[in-house]
1. With Cα Rg over 2.2 N^0.38 Å as the read-out, I listed [x] 0.94; [y] 1.61; [z] 2.04; which label goes with the value calculated from this structure?
2. Please report the projected area of segment 90-218's Cα convex hull averaged over all directions, in nm².
3. Hey, with R₀ at 60 Å, roughly what FRET efficiency would A409 and T265 work out to, going by the Cβ-Cβ distance, to 0.05?
4. Calculate, in nm to one decimal, what S119 and I387 gain on full extension: separation in residues at 0.36 nm each, minus their alpha carbon distance.
5. How high is the FRET efficiency from A454 to T126, r the C-beta distance, R0 41 Å, rounded to 0.05?
6. Only bridges whose two residues both fall in the chain count here: according to DSSP, what percent of them are antiparallel, nearest 5?
7. Towards the positive end of the charge dipole of the chain, with charges on Cβ (+1 Lys, Arg; -1 Asp, Glu), say which of W247, P100, L111 has the farthest Cα.
8. Can you compute the charge dipole magnitude of segment 43-149 about its Cα centre, using +1 on each Lys and Arg Cβ and -1 on each Asp and Glu Cβ, nothing else charged? Give it in debye, rounded to the nearest 20.
Amino acid sequence: MRRKHLRSLGAIAVVAALTLSACGDDGGNGGGNGGGGATPEFNGAVGAVFNASDKTGGTLKMGKSGDWGDSVDPGDTYYGYSWNLLRGYGRALTMFKVAPGKESEELVGDLAEDLGTPSEGGKTWTYTLREGLVYEDGTAITSADVAYAVTRAFDREVFPNGPEYFNGYLDYPADYKGPYKTPEMDISSAIETPDERTIVFHLKAAYAGFDYFAMTPQTVPVPKDKDTGTKYKEHVISSGPYMWESWEAGKKYVLVRNPEWDPATDPNRNPLVDRIEIELNLNAEDVDNRILDGDLHVDVAGTGVQPATLPTVLNDEEIKAKADNPGSARTWYTSIIPTVKPLDNIDCRKAVMLAMDRSLYQAAYGGPLAGGDIATSMLPPTIPGHIDFDPYDSAAEGPDVEGAKAALADCGQPDGFDTNIAYRTERPKEQATAEGFQQALKAVGINLTLKPLAEGTYFSDTVGKPSYLVENNIGLATNGWSADWNDGFGFFSQIVDSRVIRPTGGSSNLSVRVPEIDALLDTAIGELDTATREGYWGEIDELVMAEAVVYPGIYSKALTLRGDGITNVFVNEAFGQYDYISMGVE
């Protein structure tokens, strides 16, 4: 049965009220560690395995609103759900432990026998691959394949998505342009492969957390003779327990078991299902409805049910028992673009900060239970180094209309101004956020026109491209970020460092261009004392807020659904989502 799509702010306010009324009863937090057919319970997959089982076989059915956010190519991906799924068909040098609770934030060796061995004070890192590793076609995986995978992601014209860690920190030659444009260049200053099982990375400066870099999909091996550049996403050569059966752009992805995968070489994974099917370009609320109706097992995006679904979940104890409410190291926010006039004036940006009503932001995501707590700064409280501060008095009831008008006068726009706000078309919560901004800012004369943009090219071709923002007068862009790992550097480095902004697009940093922040990031990663290093993250947070270049909305939570018939379900806290490579079906 289809449910009506709630789009108005009034309807969202009703949903928020329903959510608030449900906060007093969390339904318990049971582990549900029985065998198949365990009794459903709310939060049963948070901190424990729900419906534990070792039964193999069957098909795990996933759905997603809109197209895939970036790519399934390990060198060109950055969405959390993409990294989560990718562990099924690609193995990186290291990985987060496959376990519920805090254990899932621990790093272990994956392709590598163990974590890296540092030398030269942390400027050099060495990894040794496990013996017997092979691809789906039976050919051996070598250290040269890992090195090639890392270098191919260097070319941002070919692969605009993905983090900048390796590109920014490896000691590449100054004129290196990647293996496609400079294939014969000696890059031993950055990466060496002295034998088929050893890979050595050389950094420009010491970094004690390099094992986190090694966890990223960019270390998933790519055989050079099978690389097809931008078409490689159509059939990534598997190094994991699953391989691609079919890749239909914008329609459907299908993964099946990789017959060459050897569990003896992989102590981390225990794949249960024989097949994974992912339907794409569904309506967001249809995904929720199909999970409730038993047609799908899980929403692969992992960002929670839509506001229109909340009353159904929260007001029916039987349905609520099939839901989980995990938190994550994520902040939903809106970038305020300082290169788009008149937002190049800090007082105009402050007017936006003061005029917006954060309760509308929270309501757009479903209230405190389904969406999260109102944010007063960027760094989530779950990350060490977070400090509580509220520079724009955002915790007060309602917006500061008079303060916003005074800021507009100071920036020479006493009657307000016109600009556009972008959001991802496939995300109703972002649309509701944009509508909230439109409603709140209109009260001070700032007129926003909503600009829905496709999720699949949001960062690569539109808001992630600086020239597009200016040419299309995109003054605000809804956004969100989850830490690559639970650390200030893992959260901040790709969204506040101006050096990751690329003219070709693909950057996750849309608006922060502060040299002092860049310098603090460099100082922090070289700091060996933990308390001192964590103190820098709070300083960076304060500087970002002082520049008024991002509007923090909420510290994320998500109300997610586990469909009927799935087993071995738990939230992997490294992703803030269900662990997709561990699920089984009854």
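The values are calculated or read from the model by the stated rules, or taken from the named source; none is laboratory data. Note that the structure is predicted; figures quoted are calculated from it, not measured. Ideal geometry is used to build each Cβ from the backbone, glycine not excepted, and the neighbour counts take in all protein chains shown. Just the protein is used for accessible areas: all its heavy atoms, side chains included, with ligands, DNA and RNA removed. Shrake-Rupley method; radii C 1.70, N 1.55, O 1.52, S 1.80 Å.
1. Computed from these coordinates, Cα Rg over 2.2 N^0.38 Å corresponds to label [x].
2. 8.7
3. That gives a FRET efficiency of 0.35.
4. Working: separation 268, 0.36 × 268 = 96.48 nm, distance 3.38 nm.
The span from S119 to I387 would gain 93.1 nm if fully extended.
5. Values: r = 42 Å, r/R0 = 1.02.
My answer for the efficiency is 0.45.
6. Here the share of antiparallel DSSP bridges comes out near 75 percent.
7. Among W247, P100, L111, the one farthest towards the positive end of the dipole of the chain is W247.
8. Rounded to the nearest 20 debye, it is 400 debye.
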